[in-house]
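Values quoted throughout were computed directly from the atomic coordinates according to the rules given, and no laboratory measurement underlies them. All of these numbers come straight from a predicted model, not from anything done at the bench. Using ideal geometry, Cβ is built from the backbone for each residue, glycine included, and neighbour counts are taken over all protein chains shown.
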Amino acid sequence: MLLSYLKLAWKVLLRRKFFTFISLFGISFTLMVLLVVVAIFDHSFGAHYPESRLDRLTFAQFLHVKFKDGGNMNTPPSYHLLDKYVRTLRTPEKVAITSNFHSTPSYVGNRKLDLDLRYTDAAFWQIMDFNYLEGKPFLESDVKAAARVAVINRSTARQYFGTETGVVGRIIEVNQTNYRVQGVVDDVPAMRFSSYADVWVPITTSPDDLHRVQLQGDYFAIILAKSAADVPAVQAEFEAAMKRVPLPDPKNMDYLDLHADRLIASFSRQLMSPLTDYKSDGLELLYPILAGLALLFMLLPALNLININVSRIMERSSEIGVRKAFGATGGRLVGQFLVENIFLTLIGGLAGLLLAYVVLQLISGSQLLAYAEFGLNWRIFAWALLVTVFFGVLSGVYPAFKMSRLQPVQALKASGK
């Protein structure tokens with residue numbers, strides 16, 4: 001019986017090719033866009049190289065200062081603040097302090113390379129899980145000695161030295177400073193804002209005055225808990241430490257906020273700040289908003305299917321009348337229409353999967369986002385397809401049920417109008 005329904009569904013789809021194309025386009029395009037967006041989101045905030053231990057990591061990235069006149073200051077914190085109040089925390093397993101990356105010039109002969117440079121400490125290499133092609137990271141002794149050593153990525157080694165291996169011990173000039181290459185690692189995608197760079201060097205070689213007493217700077221802390229269950233304890237100790245930070249200008253400053261957030265929460269706090277005033281990480285608002293947008297977006301093919309199904313089923317009233325005259329039950333007719341809808345939706349879903357794969361490969365190959373390699377999220381695809389099938393079924397149930405209740409004579413009369 002099911003095989004007969006599928007054959008009939010295929011013939012029905014071929015009967016009205018234009019409407020079939022519109023339905024398939026709506027379903028496949030919607031799923032394609034949803035999968036591409038989710039892939040980019042997961043690429044940025046999921047547990048991927050080199051931030052594989054994301055369940056144990058929190059980040060102190062953005063400092064918010066509230067002034068008594070109502071003004072605000074949002075800035076990365078200073079090295080001094082992080083070194084004095086965050087590095088000394090007892091609950092975490094490791095605390096790393098690193099700068100934000102910045103594009104710096106480098107020259108190979110007459111050719112200019114714009115390399116993204118990041119200053120880090122030794123703990124950074126112990127927290128992140130880098131893949132080493134050769135060499136090793138710089139150590140605490142290198143940081144204390146402000147040694148001119150560097151770790152570079154695979155692409156920088158190839159562009160600067162013409163090879164990806166055999167470059168350890170050679171000199172690379174970055175930002176008019178010579179560094180001896182100590183290690184070469186796999187490329188880090190640019191969307192991994194907390195770890196990405198082309199060149200990493202000891203934080204003590206930074207031209208900044210690291211011990212200057214100030215709040216704002218160009219640094220952030222990466223905090224590794226001993227286990228995922230210890231993250232709340234780390235956050236609690238962090239909050240207590242921030243309450244001890246003195247305000248440099250208490251007459252004009254009201255308070256400051258700096259939090260140890262999960263990666264997605266760190267950005268959500270900034271994005272939702274107009275609504276939360278930094279008192280919350282904003283996830284309780286962000287997730288419902290994202291879910292609502294995804295649901296609204298998924299409604300587009302559903303509404304399209306509803307309109308087409310109503311038109312298509314009304315046009316088949318004569319077929320329904322004949323089948324009922326020969327003894328077809330209402331339940332059998334409804335089942336037939338539902339199989340047709342699900343069949344159409346599954347074809348659209350497979351087309352959407354193929355389109356998403358092609359688009360993601362094109363984005364990865366274009367290097368629009370440096371070193372990005374996007375993959376399909378099968379779990380999200382399954383959920384998206386399930387929701388689409390649900391709406392497809394829903395869009396076919398009512399018109400199919402309505403037509404199945406018609407008497408044969410009524411159905412035949414409706415077809416003759």
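Take 59-66, 245-252, 203-210, 20-27 and order them by the average number of nearby Cβ atoms within 10 Å per residue, most first; the result is 59-66, 20-27, 203-210, 245-252.
Residues whose amide H falls under 5 Å from that of Met253, counting only those 5 or more places apart or on a different chain, are Lys68, with hydrogens built in the peptide plane. Per-residue 3J(HN,Hα) values for region 249-261, derived from phi via the Karplus relation 6.51 cos²θ - 1.76 cosθ + 1.60 with θ = phi - 60°, read 9, x, 5, 10, 9, 8, 6, 10, 10, 8, 10, 9, 10 Hz in sequence order (x marks Gly and Pro). Distance from the Cα centre of region 48-75 to that of region 219-241, in angstrom? Computed from Cα coordinates, the inter-centre distance equals 13 Å. Cβ crowding within 10 Å, taken as a proxy for footprinting-reagent exposure, orders Trp125, Trp200, Trp378 from fewest neighbours to most as Trp378, Trp125, Trp200. Evaluate region 62-260: find the radius of gyration of its Cα atoms, find its Kirkwood radius, and give the ratio Rg to Rh. With Rg and the Kirkwood Rh in hand, the quotient comes to 1.02. Could you please state, rounded to a whole Å, how far the C-alpha centre of region 167-217 is from the C-alpha centre of region 128-160? Value for the Cα centre distance between the two parts: 9 Å. Just the number, please: percent antiparallel of the DSSP beta bridges in region 62-260, rounded to the nearest 5. Beta bridges within region 62-260, antiparallel portion: roughly 80 percent. The amide H of Val149, built 1.01 Å from its N in the peptide plane, has Arg180 as neighbours under 5 Å, considering only residues 5 or more places off or on other chains.
The P(r) of region 13-172 has a tail past 30 Å containing 43 percent of all C-alpha pairs.
For the cross-link pairs Lys94/Lys251; Lys94/Lys243; Lys84/Lys251; Lys68/Lys279, the ones whose C-alpha atoms lie over 25 Å apart are Lys94/Lys251. Each peptide in 368-374, 155-161 gets a packing score, the mean of other Cβ atoms within 10 Å over its residues, and the list from highest to lowest is 155-161, 368-374.
Here the gap between Leu354 and Lys279, fully extended at 0.36 nm per residue and compared with their Cα-Cα distance, gives a gain of 22.7 nm.
Note that region 214-219 has calculated 3J(HN,Hα) couplings of 7, 8, 7, x, 9, 10 Hz, one per residue in order, obtained from phi through the Karplus relation 6.51 cos²θ - 1.76 cosθ + 1.60 (θ = phi - 60°); glycine and proline are x.
Each residue of region 272-281 was assigned a 3J(HN,Hα) from its phi angle through the Karplus curve 6.51 cos²θ - 1.76 cosθ + 1.60 (θ = phi - 60°); the sequence is 8, 4, x, 9, 10, 6, 6, 6, 10, 6 Hz, with glycine and proline shown as x. Once backbone amide H atoms are built at 1.01 Å from N, Leu133 has Val184, Val185, Asp186 as its partners under 5 Å, excluding neighbours fewer than 5 places away on the same chain.
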